[in-house]
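All remarks here apply to the structure that follows.
The values are calculated or read from the model by the stated rules, or taken from the named source; none is laboratory data. All figures in this text were calculated on a predicted structure; none of them were measured in a lab. Using ideal geometry, Cβ is built from the backbone for each residue, glycine included, and neighbour counts are taken over all protein chains shown.
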Amino acid sequence: MKTSPLALINVTLFSLFWALQIFVSKLEFNAGAKAVPFTL
Amino acid sequence: MALIVLAVIVLPKHLKQIINLPRKVMLGLLLANSIHFGLGGFFSNSGVALTSAVNAGFLVKFALVTTILLAWIFLKEKMTATKAISVSIMIFGGYLLSTKGQSLIPQIGDVLIVLACLAWSIGNILVRKTIKDSNISGDIVSFLRPVAGIPVLLFFVFLSPLYPTQIRSVFTADYFDLSFLPYVLGSGIFTALLWIFLNRTLKVATASYMTMMSMMASVFVAALAVLFLKEQISFPQIFGGLLAIAAGVVIHYSDIDKK
């Protein structure tokens, strides 16, 4: 059975936003922030 | 911040359903989310403080293995040769992407990162078990993630004076410093969106499919780093990314998402 297009769209967007979140975190850590306050 | 974004997105449409959730379901979702965000957040932040970036970057991918094993045991998701081979290829690809092929020197924080992977996997398995055959929207699960997880994380922050110095420094900071506000806004919005699409995926596909296909994130991160941070990417990393993509294509066209 081929995976549904909805599952592929959802998981692709999940991965994309996860990557963007990591990217923004990296920018903030480069600017001197700490992880936990940032997470909260 | 993510809680505010989620409240704006989720509450207008789902507030009535949240209020009327059966007590057992609500407790299950709160437990899943406190483990995922609270315990997972504590272990990952502590682990990063006690290991190298290379080790941490690779070991977080161990969640792929823990999720598939737990989904096999508790959700009775199939374990096939295709799945096992694809996971092995993805782990190897992830290793090359994260480490450029360097060998890993074991450190004490590695254990905490693996515990974080277990917490994330257990959270996802509990969510999948709760919502897969119900009419509960994945967006409700996303809204409950910070609701249940932030108090747990704050509890660990409260206990921080008891931790070893390296871990304590991670949790000791000015929590009201607004100098990073633009980044916090960006991170909060992306965190809310990633939770929404994670839980929407868990609603319509298996936990195995979600965790394997999410390896795409490593490839996206590498692309963003090269494009916007001007980071250099080496041949082993390109090869690792291609392996992860190839295994993802195999997974998408195989039958592992059967319910």
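Per-residue answers, yes or no, for (1) closer than 20 Å to B:F143 by Cα; (2) surrounded by 20 or more Cβ atoms within 10 Å (Cβ to Cβ); (3) acidic (D, E); (4) within 19 Å of the chain's Cα centre (by Cα):
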position	(1), (2), (3), (4)
B:G188	yes, yes, no, yes
B:T191	yes, yes, no, yes
B:S208	no, yes, no, yes
B:A217	no, yes, no, yes
B:V221	no, yes, no, yes
B:V226	no, no, no, no
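If a residue has to be polar (S, T, N, Q) and closer than 16 Å to B:A49 by Cα to count, how many in region B:101-141 make the cut? Walk me through it before giving the result.
Within region B:101-141, the first condition is being polar (S, T, N, Q), and the residues that meet it are B:102-103, B:107, B:121, B:124, B:130, B:134-135, B:137.
Filter once more, keeping what is closer than 16 Å to B:A49 by Cα: B:107.
Adding up the residues that qualify gives 1.
Checking the condition at pLDDT 85 or above, loosely packed, with under 15 Cβ neighbours inside 10 Å, more than 19 Å from the chain's Cα centre (by Cα) and in a helix (DSSP H, G or I), which residue from B:I9, B:I18, B:I85, B:I89 passes? Show your work before the answer.
Values: B:I9 fails: loosely packed, with under 15 Cβ neighbours inside 10 Å; B:I18 fails: loosely packed, with under 15 Cβ neighbours inside 10 Å; B:I89 fails: loosely packed, with under 15 Cβ neighbours inside 10 Å.
Going through B:I9, B:I18, B:I85, B:I89 in turn, the sole match is B:I85.
Table: residues versus (1) under 26 Å from B:Y209 (Cα atoms); (2) crowded, with 17+ Cβ neighbours inside 10 Å; (3) at pLDDT below 85.
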{"position": "B:I68", "(1), (2), (3)": "yes, yes, no"}
{"position": "B:F74", "(1), (2), (3)": "yes, no, no"}
{"position": "B:A81", "(1), (2), (3)": "yes, no, no"}
{"position": "B:Y95", "(1), (2), (3)": "yes, yes, no"}
{"position": "B:G101", "(1), (2), (3)": "no, no, yes"}
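With a cut-off of at least 3 residues that are more than 7 Å from chain A (Cβ to nearest Cβ), in contact with a Leu (Cβ under 6 Å, 6 or more places away or on another chain) and within 26 Å of B:L112 (Cα to Cα), name the helices (runs of 4 or more DSSP H) lying wholly within region B:136-247. Show your work before the answer.
Numbers: elements: B:138-158, B:165-171, B:181-204, B:207-213, B:216-228.
Result: B:138-158.
Picking from B:T51, B:T67, which residue would you name as being part of a loop (DSSP other than H, G, I, E, B), among the hydroxyl-bearing types (S, T, Y) and within 30 Å of B:F239 (Cβ to Cβ)? It would help to see each step written out before you state the result.
Working: B:T67 fails: part of a loop (DSSP other than H, G, I, E, B).
Going through B:T51, B:T67 in turn, the sole match is B:T51.
A quick yes/no check of all residues on (1) at pLDDT 80 or above; (2) part of a helix (DSSP H, G or I); (3) over 14 Å from B:Y183 (Cβ atoms):
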site: A:T3; (1), (2), (3): no, no, yes
site: A:N10; (1), (2), (3): yes, yes, yes
site: A:L16; (1), (2), (3): yes, yes, yes
site: A:A19; (1), (2), (3): yes, yes, yes
site: A:G32; (1), (2), (3): no, no, no
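Under 9 Å between Cβ atoms, at least 6 apart or on separate chains: pull out the pairs that start in region B:69-96 with a residue that is under 13 Å from B:A244 (Cβ atoms) and end on any residue that is among the charged types (D, E, K, R).
Here the result reads B:M90/B:K61; B:I91/B:K61; B:G94/B:K61; B:Y95/B:K61, each pair linking region B:69-96 to a residue that is among the charged types (D, E, K, R).
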